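Peer 1: This structure is in C-alpha cells; I'll ask about it shortly.
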Amino acid sequence: FDDEIIPDPIPEVVPEENSWIIACEDLGDTDDYDFNDVVFKVSHVSGQTTATVTPLAAGGTLESWIVYNNQYLGETHQLLGAKENISGSYPMINTTTLTATASPIEVTVPEDYTVTNNMGGFSIIVKSKDNSNSNAVLIKAPSAGAAPQMFCVPSTWAGPPERTTIQDAYPNVANWSADSNIIEWYNNATAGKVIGGQAQ
C-alpha cells in the first residue's frame, strides 16, 4: 500500500480588524476648525459584536464626553490622563506633540455593525464652563449640506495641530464640502501641517 497522503492543514483565516478615526470640532466653524477637539479611534472586526474605542486627542478645553448610542464612555481629557476639571477648563492634550495615551474601551455592537454608517453610532456631548446640562451641545453625524462638526476617516489619518484649520492641513477638504462624492481628501495633507502618528 502507498503511504497515506496527509493533506496540509487549511490555515485558519484570521478576520481583519478595521480601524477608523472620528475627529470632532466642539465649537463648529465659529472657532479654529482644526478638528482636534475630540479625536478617537474605533476598531472593529466585521461580524463581531464588540468594538474598541481609543481616545487620541482632546484639543478643546470644555468638558467633552464620548457617547456610543446612549452609553457615556468617559470624559475625553480624563480618559487621556487629565484630572477632573474644577476650574471649568481642561488642558489641551496631544494637539502639538503626542505624549498621552488612553486605555481602549470595549463596546457591544450589532453583528452588522460598521463605523462608516452614521458615525458608527458615536456622538459627543460638550458641556459649558458652568457644567450645566441645559447648555450642553450634542455633536453627531452631519446632515447633508451642513458644515460638519465630526467626520470619520481611515486610521492612517493624522490630524492638524492646534490652531491649524482643516483647510490648511487638507486643502482638498473644500472639494469634499462642495461634493460629498469626493471622499479621499484625507489622502493629501500639507507637509508640516499635521501631527504624524496620531492615527497609530
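The values are calculated or read from the model by the stated rules, or taken from the named source; none is laboratory data. Just so it is clear, the model here is predicted, and its values are computed rather than measured. When we count neighbours, we look across all protein chains shown, and the Cβ atoms used for this are built from the backbone with ideal geometry, even at glycine. The protein model used for the area step is the full one, side chains on, heavy atoms only, and it has no ligands, DNA or RNA in it. Shrake-Rupley method; radii C 1.70, N 1.55, O 1.52, S 1.80 Å.
Peer 1: For segment 67-78, how many residues meet the condition of being closer than 20 Å to Leu98 by Cα and either touching a helix residue (DSSP H, G or I) at 6+ places or on another chain (Cβ under 6 Å) or crowded, with 22+ Cβ neighbours inside 10 Å (or both)?
Peer 2: 2
Peer 1: Among strands (runs of 3 or more DSSP E) lying entirely in segment 122-191, which contain 3 or more residues that are open to solvent by less than 70 Å² (accessible area, probe 1.4 Å) and not small (Gly, Ala, Ser)?
Peer 2: The qualifying strands (runs of 3 or more DSSP E) are 122-126, 150-154.
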